[in-house]
Each structure stands twice: as structure tokens, then as C-alpha cells.
Amino acid sequence: MNLIRSILFSLAQTVFTLLYALLSPLIFLFGQHTRHRLLSGFAPGILWLLKVICGIRMEVRGIENIPATPCVVLSKHQSAWETMALQLVLPPHVWVAKRELLWIPFFGWLLALSSPIALDRSKGKEAMRQLLEKGQAKLAAGFCVVLFPEGTRIAYGQKGRYKLGGAMLAGHAGVPVLPVAHNAGKFWGRNAFVKRPGVVQMVIGQPIAASGRTAEEINRQVEQWIEGEMAQL
């Protein structure tokens, strides 16, 4: 049954994404903030399909911790679920993403419209310079910046190495870090096609101050909080 539901969801997701992508030339005509509002219906639509077809729902705790001003969001990354769920709960934001994601047909078009900070990770120091430069510009323009500190999807129950990029950006810009933990991997596993019904728990922590602290200190506190929450999810 889960396989059949997953096939139906994949088909519905493909059609929904295609319809949105076909509107992309019109959305492109607007400014960055307006594009964000126009694109904001995509994620709720996909999550609705996921709930109705696959039986995956979500519960969020800690929404009151989201700052009123732009911040750097550092989230656990286990599946594609959080890339949509975070769009429901966060204020206007941009993603830090691998440049090659923009090349994916249809999905990549929509991602490009959201004005992400697309990096070529093979460039090393140049990629970090672009992250700091473009990230500060996005924060100054009123957007939060969302990163996955482990850099890639990590299977539920496992842990990757937390990279310093997000903490460095927060420190340079003088904005807080908002940590996010969730257990989406229990129901939509890393690179898994078959999805299992259940309730994904997302927890948003209190903002972590970055001003006057080293990236290592910030990163360590973020890692301790996220992994501490993961042990309970």
C-alpha cells in the first residue's frame, strides 16, 4: 500500500511542479519579494498532497522563537520534506544550494526564481567568499538565509559533520542563528521513494547569538542543540 501511495504522490507532485514551472516566465517579471509571495503556494500544495496521499502530517513546536528580523537558519537535512516544510513556517527566506540543482528541469526553474545563493562547492574559498558576500546582501534585503550545516541529506539516526559556513555568515553579518531539528527521515527517508505515514515533528530552537563569537563556538552550540533534540525525536 505504501508503494502505491508513493507512486500516486510522485505522479501528483510531477504534475503540480510542471504547472508551477509553466508559470515561471510570468513570475520572473516581478521583484524578489513578490516572487517569494507568488511561489509560496508551491510548498503548501506539495505538503497537502503528501498528507492526503501518503498520510504524512507535520507538527511544529517553537514557532514563537522565530525572530522578527532576518537570521541564519541552520536545519537538519534528512529528505526533501524539510525543503518544503520550512517554507510554511519561516518568514521570507532564501536557500543556500548547490549550483547544479538549478539545472534540474522544472524544479530547478522554480528554485532559480526564489533567488537562492547558488554555490559551486568545488571552488572552495571562492564559494565561501560568495556565501559571505551574497548572504549578507540577502540578510540586508530582509531575507533569512537557510542552510543545512551537514551539507547533504543524512539518514535518520545518523549524524554528519557540521560545516562552518552558516556560523561564519551569522558572525560576519551580526545576526542570530535559528536552529531547527526534525525527524522527517523516519517517514520520508534519505533518497527513498517509498514513504511511510506518520507525523513529522519539527522543533525550532531559541535564537543563538552570533555577534562577538567565533564560528567554531556558534557551530558547536548549534550542533549540540540540534543533536540533543534529535535524540528525543
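The rows are residues; the columns are (1) within 17 Å of the chain's Cα centre (by Cα); (2) outside any strand (DSSP E or B).
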site	(1), (2)
180	yes, no
189	yes, yes
199	no, no
212	no, yes
218	no, yes
222	yes, yes
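Checked against the criterion of being assigned to a helix (DSSP H, G or I) and of a type outside the set (S, T, N, Q), the candidates 57, 5 yield just one match: 5.
Determine if segment 26-38 includes at least one residue that is touching a helix residue (DSSP H, G or I) at 6+ places or on another chain (Cβ under 8 Å) and within 21 Å of residue 188 (Cα to Cα). Among the residues of segment 26-38, not one is touching a helix residue (DSSP H, G or I) at 6+ places or on another chain (Cβ under 8 Å) and within 21 Å of residue 188 (Cα to Cα), which makes the answer no. Residue 89 meets the conditions (1) in contact with a Leu (Cβ under 9 Å, 6 or more places away or on another chain); (2) among the β-branched types (Val, Ile, Thr); (3) more than 18 Å from residue 17 (Cβ to Cβ) in every case but one. The failed one is (1). Filtering 185, 189, 174 for residues that are within 28 Å of residue 59 (Cα to Cα) and either acidic (Asp, Glu) or surrounded by fewer than 21 Cβ atoms within 10 Å (Cβ to Cβ) (or both) leaves a single hit, 189.
Checked against (1) assigned to a loop (DSSP other than H, G, I, E, B); (2) under 16 Å from the mean Cα position of the chain (by Cα); (3) over 25 Å from residue 64 (Cβ atoms), residue 185 passes all but condition (1).
Could you give every pair whose Cβ atoms fall below 8 Å, whose first residue belongs to segment 70-90 and is under 25 Å from residue 194 (Cα atoms), and whose second residue is polar (S, T, N, Q) and crowded, with 23+ Cβ neighbours inside 10 Å, counting only separations of at least 6 or pairs across chains? From residues that are under 25 Å from residue 194 (Cα atoms), the pairs are 82/75; 86/75. Out of everything in segment 198-233 that is of a type in the set (Asp, Glu) and closer than 26 Å to residue 173 by Cα, what residue ends up being surrounded by the most Cβ atoms within 10 Å (Cβ to Cβ)? Filtering first and then ranking leaves 223. Among residues of segment 189-206 that are more than 20 Å from residue 55 (Cβ to Cβ), those with a beta-carbon under 7 Å from a residue that is among the aromatic types (Phe, Trp, Tyr) and at pLDDT 95 or above at least six positions away or on a different chain give the pairs 205/225. Return only the number of the condition from (1) modelled with pLDDT of 95 or more; (2) exposed (fewer than 13 other Cβ atoms within 10 Å of the Cβ); (3) within 18 Å of residue 196 (Cβ to Cβ) that residue 64 does not satisfy. All conditions are met except number (3).
Residues in segment 84-116 that are within 17 Å of residue 203 (Cβ to Cβ) and either among the β-branched types (Val, Ile, Thr) or over 10 Å from the mean Cα position of the chain (by Cα) (or both): 88, 89. A single member of 6, 10 is touching a Cys at 6+ places or on another chain (Cβ under 8 Å), over 30 Å from residue 123 (Cβ atoms) and not aliphatic (A, V, I, L, M), and it is 6.
The values are calculated or read from the model by the stated rules, or taken from the named source; none is laboratory data. Everything numeric in this text was worked out from a predicted model, so none of it was measured. In this analysis, Cβ positions are derived from the backbone assuming ideal geometry, glycine residues included, and neighbour counts consider all displayed protein chains.
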